[in-house]
Amino acid sequence: MTLPLLTLYRRLARWPGGRWLFTRAVCFKAPYFASIRPCITVLEAGRCEGTLADRRAVRNHLGTVHAIALCNLAELTGGLMTDASLPAGMRWIPKGMQVRYLAKARGRLHAVAVPERPIASGTVGYELPVRVGISDAAGTEVFVAHIAMWVSPRHGNG
């Protein structure tokens, strides 16, 4: 049995470099996210926050953070928040994502993922809307994603 995600985060976050180590463990499990070198800074039921450094490897030809790097950060923080918030016996998978680019993404970026309605246990699957806003260092929201998470019982027809 693996250690539940939220328990692992809480154990590691107490120590210097613990959040970095937690993020590296997540990226080891889901290697594609490592390409943006994120850092998860807050993880609790109903909320996940993470950062992304503006560096050459995540920039587009215009010198701003690439749209897909923003999508990756949104999916990562939205997925971690959902996983950390699920009642026992439930599972999730992203079903779709709508995004809007609101301003040029430059500098260190900060993502906040929250559910748009309460996360509940159930006997059938349901769509859970998750909002992820990404802001720059000045607090300007540069990107927003609405992710449709499919939440269903682990052992059922959901």
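The values are calculated or read from the model by the stated rules, or taken from the named source; none is laboratory data. Values in this document were obtained by computation on a predicted structure and should not be read as measured data. Quick reminder, even Gly has a Cβ in these numbers, built from the backbone with ideal geometry, and neighbours come from all protein chains shown. With ligands, DNA and RNA removed, areas are computed over all heavy atoms of the protein, side chains included. Shrake-Rupley method; radii C 1.70, N 1.55, O 1.52, S 1.80 Å.
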query = In square angstrom, rounded to the nearest 10, how much accessible surface does S135 have for a 1.4 Å probe?
reply = 30
note = The summed charge of the R37 Cβ neighbourhood (under 10 Å; Lys/Arg +1, Asp/Glu -1) stands at +2
request  = Within the set of other residues whose C-beta is less than 12 Å from the C-beta of R19, count the net charge using Lys and Arg as +1 and Asp and Glu as -1.
outcome  = +3
ask   = When the dipole is taken about the Cα centre of the chain, and only Lys, Arg (+1) and Asp, Glu (-1) are charged at their Cβ, what size is it in debye, to the nearest 20?
value = 440
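At 1.4 Å probe size, with the rest of the protein present, what percent of the exposed accessible area of the range 1-128 is carbon and sulfur atoms?
Result for the range 1-128: 59 percent of the exposed heavy-atom area is carbon or sulfur.
Tell me, in nm to one decimal, what length is gained between V124 and T140 on full extension, where the rule is 0.36 nm per residue of separation less the Cα-Cα distance?
Taking V124 through T140 to full extension adds about 1.9 nm, to one decimal.
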Under 5 Å, built H, 5+ apart or other chain: amide partners of R59 = H66
ask   = What is the gain in length, in nm to one decimal, between M97 and R154 on full extension, counting 0.36 nm per residue of separation less the C-alpha to C-alpha distance?
value = 18.3 nm
query = Taking the alpha carbon gyration tensor of the range 10-158, what are the square roots of 5 times its eigenvalues, largest first, to the nearest whole Å?
reply = 26, 18, 13
remark   = accessible surface per residue for the range 11-158, probe 1.4 Å, DNA/RNA/ligands not counted, whole Å² -> 54
request  = State which helices in the chain qualify, where a helix is a whole DSSP H run, it must extend 18 Å or more along its own axis by its Cα atoms, and its mean Kyte-Doolittle hydropathy must be at least 0.0.
outcome  = 67-85
The range 113-150: GluC sites (Glu not before Pro) falling in loop per DSSP and having at most 13 other Cβ within 10 Å = E116
request  = Provide the net charge surrounding N60, with neighbours chosen by a C-beta distance below 13 Å and charges set as Lys +1, Arg +1, Asp -1, Glu -1.
outcome  = +4
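Heavy atoms only, probe 1.4 angstrom, no DNA, RNA or ligands counted: give me W20, W15, W150 ranked by accessible area, highest first.
Working: W20 145, W15 170, W150 75 Å².
Solvent-accessible surface, decreasing: W15, W20, W150.
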query = If contacts are Cα pairs under 8 angstrom and at least 6 residues apart, what is the relative contact order of the chain in percent?
reply = 21
